[in-house]
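Quick notes on the structure that follows.
The values are calculated or read from the model by the stated rules, or taken from the named source; none is laboratory data. Quantities reported herein were computed from a predicted structural model and do not represent experimental measurements. For neighbour counting, all protein chains shown are included, and Cβ atoms are generated from backbone atoms with ideal geometry for every residue, glycine included. The accessibility values were calculated without ligands, DNA or RNA, using every heavy atom of the protein model including side chains. Shrake-Rupley method; radii C 1.70, N 1.55, O 1.52, S 1.80 Å.
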Amino acid sequence: IPDSRDLPADIQQLVYQPALTIETEADFHKVIAHIISTERTAAGGRGRGEAASRQERSVFISYRRDDSRYWAHELARSLSLKLGSKRVFLDVGSIQPGHDFRKQIENTMRRSTDVAVLIGAGFFEPNARGVRRIDSSSDYVRFEIRLALSQRKLIHVVLVGEADQPTRQQLPDDIAGLAKAWSVLRFKSTADADSVANCIIRGIATHFPERSHDILAASVVQAL
């Protein structure tokens, strides 16, 4: 375990976290079993992942309107059926007229446990000046992702259609953490909406939502 004096000030709390040791190949199974059986805890101390109850979950959906509006509404519909409409935040239907846009986004995200970032083929498209919108400090999608990272939300990247997961090199520095989101889910058709919603609610990290239960079960069996 590193000495706190060897670490930058903002990550010195790392030395106080429980540590696992891998010395031989036989230790992998014990470490995997420990990780799977441990409840994930957010900064505020609330249980996350599968351990969090459905009643605790609320989802903020971040998307670019001209890129993935249809997909965002389909996902919001599926999530609302499972969680209730008051636990799903979609900006078009939730922003109150006359209120400060950014402040309301910030307050709503603070009450959310999860953030689903929808990425379509046009996520990196340039604006009228030929500059990528995501590179603008005033871009609202960048603002939402930055907030989600700073508030340490459980972030789910939802790849729409044939979109690829962004790399750190493609993203501005202040949102580069999106490249290491908790889960990366594929949303290719309306039939996937319920599967993606279930993975978000259950906190399952997988690139293949339709196989999530099989993957988790296989991991548990291997660990045991």
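Some notes on this structure:
- The residue that is farthest from Ala128 (Cα to Cα), among those in the range 57-81 that are aromatic (Phe, Trp, Tyr) and in contact (Cβ under 8 Å) with a residue 24 or more places away in the chain, is Phe60.
- Selection of the range 135-169 for residues being among the polar types (S, T, N, Q) and open to solvent by 70 Å² or more (accessible area, probe 1.4 Å) yields Ser137, Ser138, Ser150, Gln169.
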